[in-house]
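Here the structure is laid out as structure tokens; the discussion comes afterwards.
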Amino acid sequence: MSRRFLVLCFSQKSFMLFFMDSMKQQIKELIIGALELEDIRPEDIVDSEPLFGEGLGLDSIDALELGVALKRKFGVKFSAENTDNKKHFASVDALAAYIGAAGGAA
């Protein structure tokens with residue numbers, strides 16, 4: 001394996017990690033802004049922790065508002081008939097993965 005190939009692979013991996021970290025930060029800021037969570041800062045939201053229930057404590061109304069905000073910001077759509085919505089909204093990590101796979105961009 002050539003050195004150039006290894007550097008390119010590392011560079012692509014580094015870029016993807018940076019891209020995902022940047023997207024997660026944008027998602028956290030969007031959650032706080034769209035849901036008017038005045039006492040929460042982005043660094044208070046743990047990427048892997050649940051957004052609903054025992055985690056951040058969001059509810060179904062928050063999910064609707066967040067879905068609209070995500071559509072506006074990243075161009076991704078959520079369908080009420082999609083049984084995977086609960087999985088996509090599970091955490092910041094899950095939202096970032098869904099947006100990345102759906103080709104959403106800020």
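Computed values, structure above
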{"read-out": "Any hit, the range 72-79, residues being of a type in the set (A, V, I, L, M, F, W, C) and modelled with pLDDT under 90", "value": "yes"}
{"read-out": "Count of the range 47-58 residues which are closer than 14 Å to Glu29 by Cα and either in contact with a helix residue (DSSP H, G or I) (Cβ under 6 Å, 6 or more places away or on another chain) or touching a residue at least 40 places away in the same chain (Cβ under 8 Å) (or both)", "value": "2"}
{"read-out": "Residue match in the range 60-69 (condition: hydrophobic (A, V, I, L, M, F, W, C), in a helix (DSSP H, G or I), farther than 21 Å from Gly103 by Cα and modelled with pLDDT of 95 or more)", "value": "no"}
{"read-out": "Selected residue (criterion: nearest to Ile40 (Cα to Cα)) from residues of the range 85-106 that are surrounded by 12 or more Cβ atoms within 10 Å (Cβ to Cβ) and of a type in the set (D, E, K, R)", "value": "Asp93"}
{"read-out": "Inter-residue pairs, beta-carbon under 6 Å, first under 14 Å from Ile99 (Cα atoms) and in the range 25-37, second part of a loop (DSSP other than H, G, I, E, B) and among the aliphatic types (A, V, I, L, M), 6+ apart", "value": "Gln26/Ala106; Lys28/Ile45"}
{"read-out": "Top-ranked residue in the range 37-76 [being among the basic types (Lys, Arg) and surrounded by fewer than 12 Cβ atoms within 10 Å (Cβ to Cβ); ranked as nearest to the chain's Cα centre (by Cα)]", "value": "Arg72"}
{"read-out": "Residue under evaluation Asp84, criteria (1) more than 19 Å from Met20 (Cα to Cα); (2) touching a residue at least 24 places away in the same chain (Cβ under 8 Å), criterion not met", "value": "(2)"}
{"read-out": "Conditions (1) touching a residue at least 24 places away in the same chain (Cβ under 8 Å); (2) within 14 Å of Glu29 (Cα to Cα): number failed by Val76", "value": "(2)"}
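The values are calculated or read from the model by the stated rules, or taken from the named source; none is laboratory data. Since the structure is predicted, the reported quantities are computational estimates derived from the model, not experimental observations. Every residue, glycine among them, receives a Cβ derived from its backbone with ideal geometry; neighbour counts consider all protein chains shown.
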